[in-house]
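A short worksheet on the structure shown next.
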Amino acid sequence: MNTVKQKTRAEIPEEYKWNISAMYPDESDVDRDMEIAGTYGKKLAEMQGSVMNSADSLLQALETYAEGMRYAENAFVYAHMKHDEDNADSKYTEMYGRAVSAITRFSADASFLEPEILSSDAETIDGYFSENSGLAKYRFMIDQIMHGKDHVLTTDQEYVLASMNEVLKSSGSIYSALCDADMVFGTVTDSDGKVRDLTHSTYIGFMESNDRRVRKEAFDKMYETYRSHNNALAALYGTNVRYDAANAKLRSYSSSLEASLAPANIPLSVYDSLLASVHEHLPAM
């Protein structure tokens, strides 16, 4: 019986792998950008209490926020993608952790911004847009903030939530570490008699096999592995549900569903209508 081992990423030819080195030819610049984001965060925090003094002060705050977030997000995206290449690589797991912390700190420094903008009225804000054409590119951002006015907390409350975000949303990273790095799904004998590793990436290929035995073996082994972690997975799911419910309640939404739809300005009626339509036409599928 032939055994075909799953190749590691290092064994895959370069032409089949994404190349994100153009983002950071020198990886030390990732940490540099995290530090720069922190500098912008401190600069922004110093503006607290004066953002709405004038059109110019509003523009300065928004541009400081945008530039700082650009550095934070660039570092985060790169670290996230490198971490996704191999969840078991401690180097990029650590880098990803630092990037998450950096963007969390920046968000905490910037958490006063929305409450402070909302402390002003629409007439004043519209006047500022008329006074300073540089604000035009932030029109959508301001409109989104104004739209969510009923769900933004006080400055102190927003700071606490932003500071705790890394911890409160940790269930996702724990799930990824468990399922993508720690779980071992065993092997499957394919239709040619070759024994191959079963992974998330090879699973679809097995499930598309013309051989029913191969499909069944892959399915059973994949979900037997998940089933052996039932308690951990249920605990992670429960933690995520409780976070969503608590966040919705704190922000005065009627439900977690309403809170999840709000950033895209989707009314609950649209979601309910879509669901009803799908159910109505299920027999035709």
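Observations on the model:
- For G97: the one exception among (1) under 15 Å from S170 (Cα atoms); (2) in contact with a His (Cβ under 7 Å, 6 or more places away or on another chain): (2)
- Residues of the range 54-111 that turn out to be under 20 Å from L44 (Cβ atoms), without any contact (Cβ under 8 Å) to a residue 40 or more places away in the chain and in contact with a Ser or Thr (Cβ under 7 Å, 6 or more places away or on another chain), as a count: 1
- Exactly one residue out of E224, E166 is among the acidic types (D, E), over 17 Å from A88 (Cβ atoms) and touching a helix residue (DSSP H, G or I) at 6+ places or on another chain (Cβ under 8 Å), and it is E166.
- For beta carbons closer than 6 Å, sequence separation of 6+ or different chains, a first residue in the range 116-141 that is closer than 21 Å to T64 by Cα and assigned by TED's automatic domain parsing to the domain that holds M47 and a second that is at pLDDT below 95 and of a type outside the set (A, V, I, L, M), the qualifying pairs are L118/K149.
Conditions (1) surrounded by fewer than 22 Cβ atoms within 10 Å (Cβ to Cβ); (2) farther than 20 Å from E158 by Cβ; (3) not β-branched (V, I, T), marked per residue:
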{"position": "S54", "(1), (2), (3)": "yes, yes, yes"}
{"position": "L59", "(1), (2), (3)": "yes, yes, yes"}
{"position": "E67", "(1), (2), (3)": "yes, yes, yes"}
{"position": "A79", "(1), (2), (3)": "no, yes, yes"}
{"position": "D84", "(1), (2), (3)": "yes, yes, yes"}
{"position": "S111", "(1), (2), (3)": "no, no, yes"}
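- Residue among S90, S50 that is at pLDDT 95 or above and either buried (at least 19 other Cβ atoms within 10 Å of the Cβ) or not aliphatic (A, V, I, L, M) (or both): S50
- Residue in the range 209-223 that is touching a Lys or Arg at 6+ places or on another chain (Cβ under 8 Å), modelled with pLDDT of 95 or more and not assigned by TED's automatic domain parsing to the domain that holds V160 present: yes
- The condition (being surrounded by fewer than 15 Cβ atoms within 10 Å (Cβ to Cβ), among the hydrophobic types (A, V, I, L, M, F, W, C) and not in a loop (DSSP other than H, G, I, E, B)) is satisfied by just one residue among A262, A276: A276.
The values are calculated or read from the model by the stated rules, or taken from the named source; none is laboratory data. On a predicted model such as this, the values are computed, not experimentally measured, just so you know. Quick reminder, even Gly has a Cβ in these numbers, built from the backbone with ideal geometry, and neighbours come from all protein chains shown.
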